[in-house]
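So the structure is just underneath, and the comments pick up after that.
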Amino acid sequence: MFKNNLWRAGLLASLVFLSVAGAQTLQPIDPLQRPRTGAGSASFSISAGYAPDLRQTPEGLTSSVSGGLGLSASYNVTERFAVTASTGIGGARTRTLNGEMVAAASDVNWNGLDVGAQYTFGGRYAPAVGLDVSLPLAGGGWAVTGSTSASLLRDPVILDGTLAATWRSEGAPSLSAGLGVGFVVNEAVTLRADAIQSLTFGTLTVPSTTLGLGGAYKLDEQNSLQARTTLNVTGGRTTTGLSVTYLYRP
């Protein structure tokens, strides 16, 4: 049971990283054009995530709190080609009440290193393809994720979609599809809602649906803040989460 909670902590940190990778979508932009970054430009971000959980297990009533802290960097080699790297830690604390007995356990683990690359094509829908490799330097299996995405801008609404497939050296492959809509409120504020459907093959797990609601606030031309809340439904279980990201563009 506790190992499963550690996996949830690692998953949360991974979701934080994905939120960082999608920062471009959340950033406030001019409604009349897509965000642009020139060759040689870079961005850095730090994210924190939190997810509580309360459920009934065969061992008793179990409450857990998991969280993650992530660091990410992106560098635009050319106008269309960018490379990324991210790392972070995840932790969980679990308490189980069985009658009058209370069992507690906690742990913190490093989530290794993620390196990736993305190429964005020109055109009306700005299609892009990406490749990400997860390197569990602290042990465990590694994974490769391939993704494709596209977006459509209709002042002041931004629609985007993503399809991703992941292969793991230890574990079953998975497929996920996401759809998001953003609304540019003004020069500083952008709101966003999204939905992600995930399916893991070769196991007895059921499909997972994640609904997200968030926004971004541009402090100035170099600094911005993001916040995102999530509601995840897997089978009959429902969990929630919150992540906050600070993005710096030198």
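Quick look at the numbers
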{"item": "Summed residue charge, Cβ within 15 Å of TRP167's Cβ, Lys/Arg positive, Asp/Glu negative", "result": "-2"}
{"item": "Ranked packing of 88-94, 57-63, most packed first, by mean Cβ within 10 Å", "result": "88-94, 57-63"}
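Read the figures in this text as sums done on the coordinates, not as results from a lab. Since we're looking at a predicted model, the values are computed, not measured. Methodologically, a virtual Cβ is constructed for each residue, glycine included, from the backbone with ideal geometry; neighbour enumeration extends over all protein chains shown.
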